[in-house]
Amino acid sequence: MRTNPPSVDPWAELGEREHLVEFYDDSHDLIETLDGFIGGGLRGSSAGIVIATREHIEALDRQLAASGIDVAAVRQSGQYITLEAAGLLQQILANGWPQPDLFRIKVGSLIDKAHSRWGSVRAFGEMVGLLWEGGAPGAALRLESLWNDLAHTQAFTLLCGYDVGQLRNGD
């Protein structure tokens, strides 16, 4: 019996406009997942946009470098874009609530620019999780909805991350 060899990039089977969720207990597991998701896209000439905590961005940068990606080069070329989630949240919130126009300007324009240059975009975000962890579930659900609305007009694959420990503890 013949079997197909394993794919170099298991995420390559996903189409554009997919919205996936990663629940993690430990940041190491998240970074491993992101190495496959973002790193696999970078190796396959997709753009990677990461909106995460500073700690996760730094850990992912180290992991990508360890797996053979020239992080400085892909960042310099605009193929790999990283933004701190808390800082971006402050730019799209008004009175603690995500603003559709600001979201489209800040996030939509990034995705549009990356898509026009690279053709395919993989995005990872932790902003929804941060809102939820911060005790703003209504704002978190609204932001989740804005991501879904954006996927109706722009082509990208989205992976959102949620720290299960924080969700369980209500911290």
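The values are calculated or read from the model by the stated rules, or taken from the named source; none is laboratory data. As the structure is a computational prediction, the values presented were derived from the model and not from experiment. Ideal geometry is used to build each Cβ from the backbone, glycine not excepted, and the neighbour counts take in all protein chains shown. Accessible surface is based on the protein model in full, side chains and every heavy atom, while ligands, DNA and RNA are left aside. Shrake-Rupley method; radii C 1.70, N 1.55, O 1.52, S 1.80 Å.
Highest mean packing first, where packing is the average number of other Cβ atoms within 10 Å per residue, the peptides 39-49, 147-157 line up as 39-49, 147-157. Let me have the 222 nm mean residue ellipticity of the chain computed from DSSP H runs of 4+ only, each contributing -39500 (n - 2.57), with the sum over all residues rounded to the nearest 500. Theoretical 222 nm ellipticity from helices: -13000 deg cm²/dmol. Evaluated with a Cβ-only charge set (Lys, Arg +1; Asp, Glu -1), the chain carries a dipole of roughly 620 debye about its Cα centre, given to the nearest 20.
Between VAL21 and SER67, the simple spin-label model (points 7 angstrom out along Cα→Cβ) gives 2.3 nm. Electrostatic tally near LEU158: other residues with Cβ closer than 14 Å to its Cβ, Lys and Arg +1, Asp and Glu -1, net -4. Give the angle, between 0 and 90 degrees and rounded to the nearest 10, that separates the Cα long axis of helix 137-153 from the longest principal axis of the Cα atoms of the chain. Here the helix axis deviates by roughly 50 degrees. Ordering GLY129, ALA151, ILE31 by Cα displacement along the dipole of the chain toward the positive end leaves ALA151 in first place; charges were set at the Cβ atoms of Lys, Arg (+1) and Asp, Glu (-1). When only the Cβ of Lys, Arg, Asp and Glu is charged (+1, +1, -1, -1), the dipole of the range 56-122 relative to its Cα centre reaches about 160 debye. Within the range 88-163, the proportion of Cα pairs with more than 20 Å between them is 27 percent.
Carbon-plus-sulfur fraction of the accessible area of the chain, 1.4 Å probe, in percent?
51 percent
Per residue, the accessible area of the chain comes to 52 Å², computed with a 1.4 Å probe over protein heavy atoms only. Sequentially through the range 59-72, phi angles give Karplus couplings (6.51, -1.76, 1.60; θ = phi - 60°) of 5, 5, 4, 5, 5, 4, 4, 5, 8, x, 8, 7, 4, 4 Hz, Gly and Pro residues having no value and appearing as x.
Can you give the local net charge around GLU84? Use residues other than it whose beta-carbon is closer than 11 angstrom to its beta-carbon, Lys and Arg +1, Asp and Glu -1.
-2
Pairing the Cα long axis of helix 109-118 with the longest principal axis of the chain, what angle in degrees results, from 0 to 90 and rounded to the nearest 10? Between the helix axis and the principal axis of the chain, the angle is about 10 degrees.
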